[in-house]
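Q: Can you keep this structure in mind? I'll have questions shortly.
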Amino acid sequence: MNADIYDVIHRRRDVRAEFTGAPIPEDVLHRVLAAAHAAPSVGLSQPWDFIVVSDPAVRRAFHDHVQSERAVFAAILTAAAADRFTQIKIDGVLESSLSIVVTYDPERGSPAVLGRHAIADAGLYSVCLAIQNLWLAATAERLGVGWVSFYREQHLRRLLDIPAGIRPVAWLCLGPVTHLEATPDLERHGWRHRRTLSAAIHHDRW
């Protein structure tokens, strides 16, 4: 827990294949969720909730849906891209210890959320900050996190009985790992190359 914050930021990885499936101690899980809950939020609305998913049947059902969406994406790729894609593992739903689904309630704090009147998505940004806090805390605890994005929101809402109006933002796989890769998977597999910092910095104007 004494890891330097910069080390944690740069060591963090989107984990797929390295989960061991070992259980997460309750106190560790609580610390990770507490870190997520400590995130800043527009108007102190705290518009997030965390669904801890450990039921194997639910995870299997979600995994099956993810695989069907993988096939949908693969069908739109060129032959060369499809060949690269076959080498990329897209989830650790079954291998991880458990999953956490992070949701967004746009009505929390309504009707007047301080700071959101001009930027409707500020609440959604707040949820993403909670996710980042969770991810960094997990990395400091020597856990891995994998964000699964191959799903339809309506499917996940039905699967987890999420109320109407509540948006599922992230399915996060969580658990102990054998290691964290030094290079992100998509770079290692040649899918994308990282931009340099200098290419992303602008001064005064775009």
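Q: Taking region 1-20 as the region of interest, how many residues are in a helix (DSSP H, G or I) and among the β-branched types (V, I, T)?
A: Here the count works out to 3.
Q: Is at least one residue of region 89-112 touching an Asp or Glu at 6+ places or on another chain (Cβ under 7 Å), among the β-branched types (V, I, T) and modelled with pLDDT under 95?
A: No, because not a single residue in region 89-112 is touching an Asp or Glu at 6+ places or on another chain (Cβ under 7 Å), among the β-branched types (V, I, T) and modelled with pLDDT under 95.
Q: Out of P176, P163, I need the residue that is touching a Pro at 6+ places or on another chain (Cβ under 9 Å) and either within 27 Å of I88 (Cα to Cα) or without any contact (Cβ under 8 Å) to a residue 24 or more places away in the chain (or both). Which one?
A: P176 is the lone residue from the list that is touching a Pro at 6+ places or on another chain (Cβ under 9 Å) and either within 27 Å of I88 (Cα to Cα) or without any contact (Cβ under 8 Å) to a residue 24 or more places away in the chain (or both).
Q: Working carefully through the options P23, P40, find the one that is in contact (Cβ under 8 Å) with a residue 60 or more places away in the chain, in contact with a strand residue (DSSP E or B) (Cβ under 9 Å, 6 or more places away or on another chain) and either in a loop (DSSP other than H, G, I, E, B) or over 15 Å from E141 (Cα atoms) (or both).
A: P23
Q: Kindly provide the set of residues from region 93-120 that are of a type outside the set (A, V, I, L, M, F, W, C) and assigned to a strand (DSSP E or B), ordered by number.
A: S99, T103, Y104
Q: Take the residues in region 173-206 that are assigned to a helix (DSSP H, G or I) and touching a Lys or Arg at 6+ places or on another chain (Cβ under 9 Å), then tell me which one is nearest to A81 (Cα to Cα).
A: Among them, the one singled out is L186.
Q: Name the residue, out of D27, D91, that is acidic (D, E) and crowded, with 19+ Cβ neighbours inside 10 Å.
A: Only one candidate qualifies: D91.
Q: Determine if region 131-151 includes at least one residue that is within 21 Å of K89 (Cα to Cα), among the aromatic types (F, W, Y), assigned to a loop (DSSP other than H, G, I, E, B) and touching a residue at least 60 places away in the same chain (Cβ under 8 Å).
A: yes
Q: If you don't mind, there's one more thing I want to ask. So which residues in region 16-42 are aliphatic (A, V, I, L, M) and under 23 Å from V93 (Cβ atoms)?
A: Once the filter is applied, which keeps residues that are aliphatic (A, V, I, L, M) and under 23 Å from V93 (Cβ atoms), region 16-42 yields A17, A22, I24, V28, L29, V32, L33, A35, A36.
Q: OK, next. Could you list, ordered by first residue, the pairs with Cβ atoms under 7 Å in which the first is in region 63-79 and more than 19 Å from C173 (Cβ to Cβ) and the second is aromatic (F, W, Y) and at pLDDT below 95, at least 6 apart or interchain?
A: A74/F85; L77/F85
The values are calculated or read from the model by the stated rules, or taken from the named source; none is laboratory data. None of the values given here were measured: they were computed from a predicted structure. Here the Cβ is made from the backbone with ideal geometry for all residues, glycine too, and neighbour counts use every protein chain on show.
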